[in-house]
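Heads up: the structure comes next, in structure tokens.
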Amino acid sequence: MKLLAISVGLPRAIEVDGRTVTTGIFKEPVEGPVYVGITGLAGDGQADLEAHGGADKAVYVYTIEHYHFWQQALECPTMPYGQFGENLTVQSMPDDRVHIGDRFRIGRLLVQITQPRVPCFKLGIRMNRPDFPRRFMRSGRTGFYFRVLEEAELSAGEMIERISTDPIELTVQESMQALIPGPKQKDVIAKALRVDALSQAWRDDLEKRLRRLSR
């Protein structure tokens, strides 16, 4: 596993269908070391702090293998790093091989997966495809968020080491079934709620979903 690129971007206002939308989804790769703190990367920001950012969603991660899938699926041969709004573009960390709660060391930075990325309409703006968020969510290739356990500077090219695997072993890919109606939804929600490292926002949402499904 390897860190290929670090991308940041501050919120900007853009015109979409005659209205102004403020979004931080436009990220661009940066050179040199970047400090990664408890609430995110230096030079980075989010427009909607209720849906993005915070300690449980400090760093968004997307793997290059998913880039290859979308390049073929969308017939788009080139995509710059940061295309999906991620902070870290990595290698060999697809959603079906990492788990909520796994811990990783990248250089001196210690991080932990807290939840998958749940796309909103702004990803559709970024991709210039209004239907893309729904397609993205159902693809099993959403990427995930890190919680920062030990702050440090980070540079592209550093190797990534898995320090521990969460005992529940709920993959990021499987966890998305908690949001998709079907025979596995209730069981996946229950499994996710057993993960101690699950983000508080996702825990609250899944508890509400489970109550509704149990009526």
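The values are calculated or read from the model by the stated rules, or taken from the named source; none is laboratory data. The structure presented is a predicted model; accordingly, all values stated were derived computationally and were not measured. Here the Cβ is made from the backbone with ideal geometry for all residues, glycine too, and neighbour counts use every protein chain on show.
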Inset, instruction - Just one of (1) surrounded by fewer than 17 Cβ atoms within 10 Å (Cβ to Cβ); (2) under 17 Å from TYR62 (Cβ atoms) trips up ILE113, so point out which. - result: (1)
Legend entry - All positions within region 1-29 that are over 22 Å from ALA55 (Cα atoms) and assigned to a loop (DSSP other than H, G, I, E, B): MET1, ASP17, GLY18
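Among the residues of region 199-212, what is the count of those that are surrounded by fewer than 19 Cβ atoms within 10 Å (Cβ to Cβ) and among the aliphatic types (A, V, I, L, M)?
Step one: filter region 199-212 for residues surrounded by fewer than 19 Cβ atoms within 10 Å (Cβ to Cβ), giving 200-201, 203-205, 207-212.
Okay, now just the ones that are also among the aliphatic types (A, V, I, L, M), so 201, 210.
The number of residues fulfilling the criteria is 2.
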Legend entry - Which listed residue is free of Cβ contacts under 8 Å to residues at least 60 places away in the same chain, surrounded by 13 or more Cβ atoms within 10 Å (Cβ to Cβ) and not small (Gly, Ala, Ser), from GLU65, GLU86, GLU75, GLU15: GLU65
Legend entry - Hits in region 149-198 - residues which are buried (at least 18 other Cβ atoms within 10 Å of the Cβ) and part of a helix (DSSP H, G or I): VAL172, GLN173, GLU174, SER175, MET176, GLN177, ALA178, VAL188, ILE189, LYS191, ALA192
Legend entry - Among (1) more than 20 Å from GLY54 (Cα to Cα); (2) within 14 Å of the chain's Cα centre (by Cα) - the single one LEU74 does not satisfy: (2)
Legend entry - Pair list, Cβ < 7 Å and 6+ apart or interchain, from region 20-48 residues that are within 18 Å of PRO119 (Cα to Cα) and in contact (Cβ under 8 Å) with a residue 12 or more places away in the chain to residues that are polar (S, T, N, Q) and part of a loop (DSSP other than H, G, I, E, B): GLY24/GLN46; LYS27/ASN87
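Going by what's in this entry, would ASP56 be described as modelled with pLDDT of 95 or more and either loosely packed, with under 13 Cβ neighbours inside 10 Å or within 24 Å of GLU151 (Cβ to Cβ) (or both)?
Details: modelled with pLDDT of 95 or more: yes; either loosely packed, with under 13 Cβ neighbours inside 10 Å or within 24 Å of GLU151 (Cβ to Cβ) (or both): yes.
Yes.
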